[in-house]
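The values are calculated or read from the model by the stated rules, or taken from the named source; none is laboratory data. What you see is a predicted model; the values in this text were computed from it and never measured. FYI the Cβ positions are ideal-geometry reconstructions off the backbone, even for glycines, and counts take in every protein chain you see. What goes into the accessible areas is simple: the full protein's heavy atoms, side chains included, and nothing from ligands, DNA or RNA. Shrake-Rupley method; radii C 1.70, N 1.55, O 1.52, S 1.80 Å.
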Amino acid sequence: MMTDREDGSLYSVIENGVAKIEFGHPASNSFPSVLLDRLAKKFQELSEDPEAKVILLQSEGEKAFCAGASFNELVAINDMQTGKLFFSGFAKVINAMRKCPKLVIARVQGKTVGGGVGLVAACDYAMATEAAAIKLSELSIGIGPFVIAPAVERKMGKAALAELTLGAHEWKNAYWAKEKGLYARVFDNLKELDEEVIFFAEKLASYNPEALLEMKKLLWKGTENWEQLLQENAAISGELVLSDFTKKALEKFKK
């Protein structure tokens with residue numbers, strides 16, 4: 001069941017040490033700014049919750065995992081400050097995930113675009129179905145995936161980042177994403193994914209929490225400058241979205 005709320009939905013529950021976060025939006029699980037803010041705060045909240053041993057991130061429905069940032073908000077940007085604020089939404093979430101002391105698992109049931117790819121890359125472990133193709137389409141409208149690029153590069157490498165970014169019109173299938181390191185496992189269908197992701201998350205939650213914390217620190221070593229870096233990258237996108245090229249490109253998509 002998909003939400004029909006204009007600002008989207010965000011629910012969380014903790015069972016057997018696994019804190020499940022589920023987000024949703026009627027526009028293919030895209031993120032308006034208010035929903036990104038809620039997600040960042042939820043990671044901060046769960047960071048302090050002793051009942052949450054690991055975090056499982058998933059989205060509503062059986063189709064798209066995430067269509068990235070809200071297109072309606074994107075086309076409405078008309079000044080630099082608004083642009084930077086818009087693009088900093090994913091920066092706040094990625095940094096909240098980075099600083100969260102709990103390991104984060106992604107359950108990816110379908111196609112993922114732009115900022116959604118960044119979210120998966122910011123997770124510590126990801127499982128997907130074979131329907132979970134990915135695409136970074138930002139260059140096609142005159143901007144770039146600057147905010148999420150550090151997370152994608154960290155998980156997949158610079159060559160894969162370049163292939164995704166420069167091939168802005170191309171979908172890469174789930175097996176390509178697995179080969180490049182974004183997904184740890186790919187399943188034939190959603191039923192198999194759901195069975196395995198819960199089993200894996202609960203098994204992980206049963207391990208020594210001190211060992212899990214040290215592993216989290218190790219996985220994110222060298223990213224201490226991201227608080228500033230991602231905000232700087234948001235400013236780049238905030239400036240580019242005001243360019244004549246991007247304004248003309250976005251006009252084609254307006255209803």
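Whole-Hz Karplus values for region 2-19 come out as 8, 6, 10, 6, 4, 8, x, 9, 8, 10, 9, 8, 10, 9, 6, x, 9, 8 Hz, taken residue by residue from phi with 6.51 cos²θ - 1.76 cosθ + 1.60 and θ = phi - 60°; glycine and proline positions read x.
Residue by residue, region 92-100 carries 3J(HN,Hα) couplings of 5, 5, 4, 5, 5, 5, 5, 7, 5 Hz when phi is fed to the Karplus relation 6.51 cos²θ - 1.76 cosθ + 1.60 (θ = phi - 60°); x denotes Gly or Pro.
Taking the Cα centre of the chain as origin and assigning +1 to Lys and Arg Cβ atoms and -1 to Asp and Glu Cβ atoms, the resulting dipole is close to 460 debye. Once each part is reduced to its C-alpha centroid, what is the distance from region 137-178 to region 10-33 in angstrom? Computed from Cα coordinates, the inter-centre distance equals 24 Å. Take the Cα of ASP79, step 7 Å toward its Cβ, do the same at ALA27, and the gap between the two points is 2.2 nm. Computed with a 1.4 Å probe over protein heavy atoms only, the accessible surface of the chain comes to 48 Å² per residue. The smallest convex shape that holds all Cα atoms of region 44-162, its convex hull, gives 120 Å³ per residue. Within region 162-222, the percentage of alpha carbon pairs spaced more than 20 angstrom apart rounds to 51%.
Give the calculated FRET efficiency between GLU227 and GLU48 to the nearest 0.05, with a Förster radius of 22 Å applied to their Cβ-Cβ distance. E(calc), rounded to 0.05, equals 0.70.
Residues in region 74-82 carry Karplus couplings, in order, of 4, 6, 8, 5, 9, 8, 4, 5, 5 Hz; the curve used is 6.51 cos²θ - 1.76 cosθ + 1.60 with θ = phi - 60°, and Gly or Pro positions show x.
Among the trypsin sites (Lys or Arg not before Pro) within region 179-223, those in coil by DSSP and having at most 10 neighbouring Cβ atoms inside 10 Å are LYS221.
Only helices enter this figure: runs of n ≥ 4 DSSP H residues, each worth -39500 (n - 2.57), summed and divided by the residues of the chain, yield -14500 deg cm²/dmol at 222 nm to the nearest 500. Estimated translational diffusion coefficient (Stokes-Einstein, Kirkwood radius over Cα pairs, 25 °C, 0.890 mPa s) of region 137-255: 142 µm² per second. For GLY114, the amide hydrogen comes within under 5 Å of the amide hydrogens of LYS135, LEU136, SER137, counting only partners 5 or more places away or on other chains and with H modelled in the peptide plane. Looking at region 187-255, the GluC sites (Glu not before Pro) that sit in a DSSP loop and have at most 13 other Cβ atoms within 10 Å of their own Cβ are GLU224. Summing Lys and Arg as +1 and Asp and Glu as -1 over all other residues whose Cβ lies under 11 Å from the Cβ of SER70 gives a net charge of -3. Computed extension gain for LEU166 through LYS248, at 0.36 nm per residue and net of the alpha carbon distance, reaches 27.5 nm.
Only protein atoms count toward the accessible area here, which uses a 1.4 Å probe; on region 73-198, the carbon and sulfur part of that area reaches 55 percent.
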